1. Quick check on my filter: what residues within segment 61-76 are closer than 14 Å to Val31 by Cα and crowded, with 17+ Cβ neighbours inside 10 Å?
2. Return the only residue of Leu24, Leu37 being more than 16 Å from the ligand (Cβ to nearest atom) and within 21 Å of Ala132 (Cβ to Cβ).
3. Would you mind finding the one in Leu24, Leu8, Leu56 that is buried (at least 16 other Cβ atoms within 10 Å of the Cβ) and closer than 24 Å to Ser197 by Cα?
4. Which of the residues that make up segment 116-132 are aliphatic (A, V, I, L, M) and at pLDDT 95 or above?
5. Select from segment 159-195 the residues that are surrounded by fewer than 19 Cβ atoms within 10 Å (Cβ to Cβ), among the acidic types (Asp, Glu) and either touching a residue at least 60 places away in the same chain (Cβ under 8 Å) or assigned to a strand (DSSP E or B) (or both) and list them in ascending order.
6. Of all residues in segment 107-158, which are closer than 17 Å to Ala89 by Cβ, part of a strand (DSSP E or B) and over 14 Å from the mean Cα position of the chain (by Cα)?
Amino acid sequence: MTVRVGVLALQGDFREHLAMLRGLGVDAFEVRTPEELEAADALVIPGGESTTIGRLARIYGLLDPLRARIEAGTPVLGTCAGMIVLGAATTGPDQPQLGVLDVVVERNAFGRQVDSFEADLAVAGLDRPVHAVFIRAPWIAKVGAGVEVLAAVTDPETGEQHPVVVRQGNILATSFHPELTGDTRVHEMMLAMVEES
Ligand code: GLN
């Protein structure tokens, strides 16, 4: 059976996710309403502006249904702003978050060095490094006990390691944008989670 993946399409680069998923032979569609959410076997929360995505999700009545689906085990991939929306808190002011991923996220974490950059990143479970595109990206400031760190970067100022790819059960999140390169392996990791579930 064809896997049906709902991509939250309130703001941000949801079209790039749709294109990549369709290229993988998946039935990918836009989600803007709780009804559209129901048809999904898996979900993607794209990059964009996390405050905007969170506020629109609240206005569209999607925050609680999204949280319920993810807590019930529906696999989800959050990229960049999507990681922030999945998280429990940020190091900054409160904003609407789902709180399903037990992490504290620092928004625009690379801002002190460079706003946007690309790097080859080793990700646990993938044979070759991923060419990672970071755009005003977050990193994770604190991880909860149940969160597996699949990739991290070193803060050049402090030498501390900061997670940028994490998995917690059915939740996969990246600080970078796998949908912007031709490399489908992160999306395939999420699709493998559908097979597991
Ligand atoms: N800076 C954005 C935020 O904090 C995330 C950027 C992105 O998704 N590329 O919401």
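1. Leu62, Leu63, Pro65, Leu66, Arg69, Val76
2. It is Leu24.
3. Values: Leu24 fails: buried (at least 16 other Cβ atoms within 10 Å of the Cβ); Leu56 fails: closer than 24 Å to Ser197 by Cα.
Residue meeting the stated conditions: Leu8.
4. Scanning segment 116-132 gives Leu121, Ala122, Val123, Ala124, Leu126, Val130, Ala132.
5. Once the filter is applied, which keeps residues that are surrounded by fewer than 19 Cβ atoms within 10 Å (Cβ to Cβ), among the acidic types (Asp, Glu) and either touching a residue at least 60 places away in the same chain (Cβ under 8 Å) or assigned to a strand (DSSP E or B) (or both), segment 159-195 yields only Glu188.
6. Ala141, Lys142, Val143
The values are calculated or read from the model by the stated rules, or taken from the named source; none is laboratory data. Keep in mind the model is a prediction, meaning the values are calculated, not measured. All Cβ positions, glycine included, derive from the backbone under ideal geometry; neighbour counts span all protein chains shown.
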